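Notes follow the structure.
The values are calculated or read from the model by the stated rules, or taken from the named source; none is laboratory data. As the structure is a prediction and not an experimental result, all values here were calculated from the model. For neighbour counting, all protein chains shown are included, and Cβ atoms are generated from backbone atoms with ideal geometry for every residue, glycine included. Only protein heavy atoms, including side chains, enter the accessible area calculation; ligands, DNA and RNA are left aside. Shrake-Rupley method; radii C 1.70, N 1.55, O 1.52, S 1.80 Å.
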Amino acid sequence: MHCLLCQGSIKPKEIFLDIIFLKNSGHLICPSCWQSFERIGPDHCPSCFKNQCKGKCSDCLYWEKKGIAVCHKALFIYNQAMKEYFSRYKFQGDYLLRKVFASELKACLSRYKYYSIVPVPLGQERYEKRKFNQVEGLLEAANIDYINLLSRSDSVQQSSRSKKERLHKNLGFKLKKYRKYPDNILIVDDIYTTGATLQSLKKLLYENGIKNVKTFSLAR
Ligand SMILES: [Zn+2]
Ligand SMILES: [Zn+2]
C-alpha cells in the first residue's frame, strides 16, 4: 500500500498498529504524514477552538459584539501540512484525499446526535471549476448523512471583502425552501479562519427560525 500523500509505502505492521490505536484514518496515509497534522491542544478558545488561547479569542469577542455567540468545534490546527493537504484536495482536485480524515470526522460528528448536518455550499462558478464540494466529499467519505439546505450565489471573492462587509451581505448565501426545517443544525466547513462564513450562516439560520445552530470545521 502507498501513502496517499507522499507515495511512500505503508508496512502492514504500521497498518495494524494504527488500527489498534485508532490513530490514522483508515491507514490511507503513512505514520509520518499522519504525524504532520497537529491536533488542537487542550488550551484552546472555548468558543471556537483556536489553538493556544487562554479564554476567548479576539475573533470570538468580535462576533459577540455583533450579537453572535460562537459555538464552534474544530479538530486540527491549520498548519503547513493541513494547508498542503487542502491545496491538493481542493485546488488540484485530488478527490481520493477526501478519505484521509473519514474516521476522525465520523467519530466526532456522531456526537452531534440530534443535529442535522448542513455543509457550506460552493458558489456555482467554483463548483463548476472544482467539480465537487470539498465539504460534501469529506462527509460522504465518512458516511455521514447531510442535507443541502443552503445555496450560494456567485459574488465577489470572499477575500476581497472586509470582515464587516462579509457579515452584512451574508456572502450570497440563501436558505433553500424545505418542508420543515430541523430544530438543530450543525453547519460544517473545511477550514475556520475568522469565522465570517460560518457566523453569517448561523445568523441566517437563526433569522429563519432555526432554534439551535452550532458550527464545525476540520481545521482551525
Ligand atoms: Zn506519507
Ligand atoms: Zn475563539
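Protection proxy ranking for 208-217, 115-124, using the average of other Cβ atoms within 10 Å per residue and placing the highest first: 115-124, 208-217. Of the residues Met1, Met82, the one with the largest accessible area comes first in the ranking Met1, Met82, computed with a 1.4 Å probe on protein heavy atoms. Positive end of the dipole of the stretch 39-219, charges at C-beta (+1 Lys, Arg; -1 Asp, Glu), about the Cα centre: which of Cys45, Leu201, Tyr85 has its Cα farthest in that direction? The one lying farthest along the dipole's positive direction is Leu201. Relative to the Cα centre, the charge distribution of the chain, modelled as +1 at Lys and Arg Cβ and -1 at Asp and Glu Cβ, gives a dipole magnitude of about 660 debye. A crude spin-label estimate for the pair Lys54 and Asn79, with each label 7 Å from Cα along the Cβ direction, gives 2.3 nm. Largest GNM mean-square fluctuation among Leu109, Leu138, Leu201, using the chain with Cα springs under 10 Å: Leu109. Qualifying trypsin sites (Lys or Arg not before Pro) in the stretch 31-138, where qualification requires a DSSP coil assignment and no more than 10 other C-beta atoms within 10 Å, comprise Lys54, Arg111, Lys113, Lys131. Entry comment: accessible area of the chain is 53 Å² per residue, from protein heavy atoms only and a probe of 1.4 Å. Rounded if a/c is under 1.5, else prolate if a/b beats b/c, else oblate: with a ≥ b ≥ c from the C-alpha gyration tensor eigenvalues square-rooted, which is the stretch 19-141? Oblate, because a/c is 1.5 or more while a/b does not exceed b/c.
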